[in-house]
Amino acid sequence: MSDYELGRDLQDLRSRLERLEHGCDCHGRHGPGHHGRPEQPSAWPGRPVPYEPSAGFVVHSTEVGVDVEKKPILWKAEKAFKTPPVFAGLLGFGPHYQFDSAQMVTWGCQPEPLILYVTWNGGGTEEFYRLANQSFSKMRVMDPNTGVTSAKCIYSAQLIASGRGQFANFNYPPPSFFGTMRSSGGAALGYFGSYIDVKCHDNKPFNIFKDFDPGLYDLISGGTWYLTGGNIDRC
């Protein structure tokens, strides 16, 4: 059995178990007026409205992370420099920011790609979406104008939908990415994350940036993460 088939069957089993644990609550929750239908009152303000059937479900992934079998890529700037303004902006710095004493460590990730599967209520399991070309980095820079050092961790991937389904309009809680910065011994040194939204034909960058205490930079030796799922509508 291939890794693809093993991962698919594992997620199918976890999906079935999760549905049993929740009393077979395997239907999607949709917000008011979904597909032109009238609004439905909610018994609890701010809580989901009564639901209508979705087509399938995605359970959360197992915990994965950096590829510890491969050496990370080390990079260190020889002198102060400026990046193009768009890149400085993506990293959360101003367009005129000058990087000094900049250094970065980048790891590959496993599995590559990371694939999540949808289990259809009518039977069958298919790929839902994948995160491809993944990397996890830590970065430390100093602002020469202030002498202040800052540090960030960065998860980067390309999110590619299979075109078979999309997250239902209402999932509670919303599908998310939960990451942990780890020491060489596996201790948690910080957390990062983001909500995930997948539409039928998505093919887009998926990036997460998180500031952390620069004093932890030398202690961080990688990261792990897992993804939560939710109810799925067919495309």
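The values are calculated or read from the model by the stated rules, or taken from the named source; none is laboratory data. What you are looking at is a predicted structure, and each value in this text was computed from that prediction instead of being measured. Methodologically, a virtual Cβ is constructed for each residue, glycine included, from the backbone with ideal geometry; neighbour enumeration extends over all protein chains shown.
Could you check, for region 224-232, whether at least one of its residues is in contact (Cβ under 8 Å) with a residue 40 or more places away in the chain, crowded, with 19+ Cβ neighbours inside 10 Å, touching an Asp or Glu at 6+ places or on another chain (Cβ under 9 Å) and over 21 Å from E126 (Cα atoms)? Scanning region 224-232 turns up at least one residue that is in contact (Cβ under 8 Å) with a residue 40 or more places away in the chain, crowded, with 19+ Cβ neighbours inside 10 Å, touching an Asp or Glu at 6+ places or on another chain (Cβ under 9 Å) and over 21 Å from E126 (Cα atoms).
Conditions (1) of a type in the set (K, R); (2) surrounded by fewer than 19 Cβ atoms within 10 Å (Cβ to Cβ); (3) modelled with pLDDT of 90 or more; (4) more than 20 Å from P174 (Cβ to Cβ), marked per residue:
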{"position": "V58", "(1), (2), (3), (4)": "no, no, no, no"}
{"position": "V64", "(1), (2), (3), (4)": "no, yes, yes, yes"}
{"position": "P72", "(1), (2), (3), (4)": "no, no, yes, yes"}
{"position": "F81", "(1), (2), (3), (4)": "no, yes, no, yes"}
{"position": "F87", "(1), (2), (3), (4)": "no, yes, no, yes"}
{"position": "L90", "(1), (2), (3), (4)": "no, yes, no, yes"}
{"position": "G94", "(1), (2), (3), (4)": "no, yes, no, yes"}
{"position": "T106", "(1), (2), (3), (4)": "no, yes, yes, yes"}
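Within region 113-125, being in a strand (DSSP E or B) and either β-branched (V, I, T) or without any contact (Cβ under 8 Å) to a residue 60 or more places away in the chain (or both) holds for I115, V118, T119, T125.
The residues in region 182-213 that are over 17 Å from the mean Cα position of the chain (by Cα) and surrounded by fewer than 16 Cβ atoms within 10 Å (Cβ to Cβ) can be counted, and the count is 9.
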